[in-house]
Amino acid sequence: MKRKVQEYFFYFILYSVIGWFYEVFLEVVVYRWGFSNRGVLFGPYCVIYGTGALILIFSLGKLQKKRMYIGKLFITPILVFFGIIFVTTFVELIGSYIMELTTGNWMWDYRRFSFNFQGRIALNPSIRFGIGGMLFLYVLQPLFEKLTEKLPSKTFTVITGIIAMLFFTDVIITFLL
C-alpha cells in the first residue's frame, strides 16, 4: 500500500513537471509570447497535469485494458480517447474555478478558440488533451511503471521522500510569500 501511494505521488510530480515543460514550450516556442511560469507554484510544476494524469489512471485504466469490439473493429482506444477528452475537459473546467477562487484568476484564456465556454475550456485544447492523453496512457505511463518497478523499495522511498520535501516546501513558500 505504501509503495502504491509513493508511485502515485511520483507520477503526480512527474506529470506536473512534464505539463509545466509542455506549457512553457507552447508559450515560448510555438506562440512566441516569451517565458512565464506556467504553474501556480514557484517550481516547475503544473499541478493540473499531475492531477489530470492521476484521474485518467484511476478512471480509464481499467477501460484501457479491456478488449472491446464492434464487429471486427477494436473500439477500446476510441472509447479511451473520448474518455480522455471528457475527463481532461472537466478537470480543466473545475481547475479554472478553483484557481479563480484561490488566486482571483485562472491561467489560460480560450476565448480566441471556437466552441469555448467562458474562455475556460474549448474544443481545440480538449482534442489536444485527448491526443496527449493517448500518448500518456499508452506510451509514457507503461514506460514509467516499468521504471518504478525496477527501483528497489528503499531507493524509491528515498527518491519520493526527497521529492515530497521539495514539493511541499515549494507549496509552503508559494502560499506564504
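The values are calculated or read from the model by the stated rules, or taken from the named source; none is laboratory data. Every value quoted in this text rests on a predicted model; they were computed, and no experiment measured them. Don't worry about glycine lacking a Cβ; one is built from the backbone with ideal geometry, like all the others, and counts go over all protein chains shown.
Would you please name the residue that is surrounded by the most Cβ atoms within 10 Å (Cβ to Cβ), looking only at residues in the range 1-54 that are among the basic types (Lys, Arg) and farther than 15 Å from Glu92 by Cβ?
Arg3
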Check: Looking only at the range 60-75, which residues are surrounded by fewer than 15 Cβ atoms within 10 Å (Cβ to Cβ) and either in contact (Cβ under 8 Å) with a residue 40 or more places away in the chain or touching a helix residue (DSSP H, G or I) at 6+ places or on another chain (Cβ under 9 Å) (or both)?
Finding: Gly61, Leu63, Lys65, Lys66, Arg67, Met68, Tyr69
Note to self: Can you report the number of residues in the range 33-53 which are aromatic (Phe, Trp, Tyr), out of contact with any Phe, Trp or Tyr (no Cβ under 9 Å at 6 or more places or on another chain) and in contact (Cβ under 8 Å) with a residue 40 or more places away in the chain?
What the structure shows: 1
Checklist line | Filtered residues of the range 12-36 (kept if touching a helix residue (DSSP H, G or I) at 6+ places or on another chain (Cβ under 9 Å) and on the phi > 0 side of the Ramachandran plot) | finding: Gly34
Notebook entry, point to check: Which ones in the range 139-166 are within 23 Å of the chain's Cα centre (by Cα) and among the hydroxyl-bearing types (Ser, Thr, Tyr)?
Noted result: Thr148, Thr157, Thr160
Check: Across the range 141-177, what is the total count of residues that are closer than 22 Å to Gly52 by Cβ and either among the acidic types (Asp, Glu) or in contact with a helix residue (DSSP H, G or I) (Cβ under 8 Å, 6 or more places away or on another chain) (or both)?
Finding: 9
Margin query: For the range 103-130: of the residues being in contact (Cβ under 8 Å) with a residue 24 or more places away in the chain and not in a loop (DSSP other than H, G, I, E, B), which is surrounded by the fewest Cβ atoms within 10 Å (Cβ to Cβ)?
Written below: Thr103
Checklist line | Residue among Ile78, Ile57 that is loosely packed, with under 13 Cβ neighbours inside 10 Å and out of contact with any strand residue (DSSP E or B) (no Cβ under 8 Å at 6 or more places or on another chain) | finding: Ile78
Next item on the list: Among the candidates Phe117, Phe113, Phe175, Phe168, single out the residue that is over 15 Å from Leu56 (Cα atoms) and at pLDDT 95 or above.
Entry: Phe117
Notebook entry, point to check: What is the one condition in (1) farther than 24 Å from Leu56 by Cα; (2) without any contact (Cβ under 8 Å) to a residue 24 or more places away in the chain; (3) surrounded by 14 or more Cβ atoms within 10 Å (Cβ to Cβ) that Pro152 does not satisfy?
Noted result: (3)
Notebook entry, point to check: If the Cβ limit is 6 Å and pairs must be 6+ apart or interchain, which residue in the range 14-32 that is closer than 9 Å to Cys46 by Cα and touching a residue at least 12 places away in the same chain (Cβ under 8 Å) pairs with which residue that is hydroxyl-bearing (Ser, Thr, Tyr) and assigned to a helix (DSSP H, G or I)?
Noted result: Tyr15/Tyr49; Ser16/Tyr49; Gly19/Tyr49
Margin query: Name the single residue that is farthest from Phe21 (Cα to Cα) among those in the range 45-81 being touching a Gly at 6+ places or on another chain (Cβ under 9 Å) and among the small types (Gly, Ala, Ser).
Written below: Ser59
